[in-house]
Amino acid sequence: MDDQRMKGVPTQCLQEADKRARERFRMVNLEHPVMEKLFAVSKEFTARDLAEAPDRQAPRSSGSPGVPRRPAESLESSLTLGPLEVLVSEIKLPAVPQVLLELLQLLEDQSSSARDLADVIRLDTGLASTLLRIVNSAYYSFPFPIDTIDRAVTLLGTREIASLALSSTFLKMFKESPARFIPLESFWKHSICCGSAARIVAQRCGLSNPERHFLAGLLHDIGRLVMFVHLPELSEELMAVAYWKDVSLRQAELEVLGYDHGRFGASLLANWNFPKTLTMAVQHHHDPGEGMGFDEPRCVHLANIISTTLGAGSSGDDLVPPLDTLAWQELDLDIETLPEIVDSIHKELKTLLSPLTQ
């Protein structure tokens, strides 16, 4: 923990931060140097947050309120179908907006320009209006009104406008609330933090197309959100298994269904004809070694761990997932740079969340 940055933080905040970090990291190996470093980072950021907002409540380790009922001894056969079968038979999916498909094409095209991005956004008047409202919000406080998308891209840059466009499109596309399990705002905070973290990790690793990594991180838990909204009985059963067996929600998914939210989410994206790089990142963000040599699963894997370390929102489970050691080695990051990376993610998260939530 950085003693200089902790100077002036009340002792009770430090004690509470240690308690919360230990709960968050209780299912991982703290003897691993990376997890040990992230544990210290978690305590530092939690203590600072508590010092700024003493009344902030501790996160729940389960997304459902209170103590869930005991899990059923057996499940209905309709709940044990494969992910694609569930997708087809149980869920009416929203249509993918045309602007999102075109944004995806831009992300895949290394030769695309800021003008190309502005041209795509202008074709969707709803998105263009939303972005102009965000750019003209109190968060940015420009001394003059921004009345064109071209001007917005010039002032904020391609990266930030692309991130805002992708985030706001998905916020609108998945606006149904899974409040029975987790506040929607908390879910998207975790998702946006993971997207930001994946992009920063990709940049640090010198990988191409960091915006694609942002989108992969943004989407990594989309399967769980769809489960919460469209399969509430199944989700309640999974929450109950996780609570009463004291395992992670992902472990409960694997035990009950034979697959996890990553594989389910990948089926959703495949059904929408998303690029394979994205479907692989979503499917394997917990087991990046199965990601067939793609960079995105490794980046999103670490990004998800960092997002949970920060306690930035939740997708229903606040437990830090285990680190895949081989994935960490292949990213070839210096462990001593982790606090700096996390600090960059924390700052960028504020930049993205503030305008989106105004």
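For segment 312-318, in order, what is each residue's ³J(HN,Hα) by Karplus, 6.51 cos²θ - 1.76 cosθ + 1.60 with θ = phi - 60°, in whole Hz (x at glycine and Pro)?
7, x, 6, 10, x, 9, 9
Have a look at Pro145, Pro339, Pro83 and tell me which one the Gaussian network model of the chain (Cα, springs below 10 Å) gives the largest fluctuation.
Checking each option, the largest mean-square fluctuation is seen for Pro145.
Which FRET efficiency, nearest 0.05, do Trp272 and Thr325 yield, Cβ-Cβ r, R0 45 Å?
That gives a FRET efficiency of 0.85.
Across segment 121-129, in residue order, what do the Karplus-derived ³J(HN,Hα) couplings come to in whole Hz, using 6.51 cos²θ - 1.76 cosθ + 1.60 with θ = phi - 60° and x for Gly and Pro?
5, 4, 5, 10, 5, x, 5, 4, 5
Just need the relative contact order of segment 96-173 here, percent rounded to a whole number, with Cα pairs under 8 Å and 6+ apart.
35 percent
Which order results if Asp332, Asp18, Asp318 are arranged by neighbouring Cβ count within 10 Å, fewest first?
Going from sparsest to densest Cβ surroundings: Asp332, Asp18, Asp318.
Could you let me know the centre-to-centre spacing of segment 15-52 and segment 272-292, using Cα atoms, in angstrom?
28 Å
What whole-number distance in Å separates the alpha-carbon centres of segment 76-152 and segment 184-230?
With segment 76-152 and segment 184-230 each reduced to a Cα centre, they are spaced 14 Å.
Under the definition of Cα pairs under 8 Å and six or more residues apart, what whole-number percent is the relative contact order of the chain? Each step should come with its number before you reach the end.
Details: 497 pairs, mean separation 89.4, N = 358.
It rounds to 25 percent for the chain.
Let me make sure I get this right: for segment 239-358, a, b and c are the square roots of the gyration tensor eigenvalues over alpha carbons, sorted descending. Under 1.5 in a/c it's rounded, otherwise prolate if a/b > b/c, else oblate. Which is it?
Rounded, because the longest to shortest axis ratio a/c is under 1.5.
Calculate for the chain the 222 nm mean residue ellipticity that helices alone would give, adding -39,500 (n - 2.57) per DSSP H run of length 4 or more and normalising by residue count, nearest 500 deg cm²/dmol.
It lands at -19500 deg cm²/dmol.
In the neighborhood of Gln110, defined by Cβ-to-Cβ distances under 14 Å, what is the net charge if each Lys or Arg adds +1 and each Asp or Glu adds -1?
In short, -3.
Given labels modelled 7 Å from the Cα in the Cβ direction, how far is it in nm from Asp147 to Glu52?
Distance between label points: 3.6 nm.
Only the coordinates and a few stated rules stand behind these numbers; no lab work does. This one's a predicted model, so the numbers in the text were calculated from it and none came from an experiment. A quick note on method: Cβ atoms are made from the backbone with ideal geometry, for glycine too, and the neighbour counts reach across all protein chains shown.
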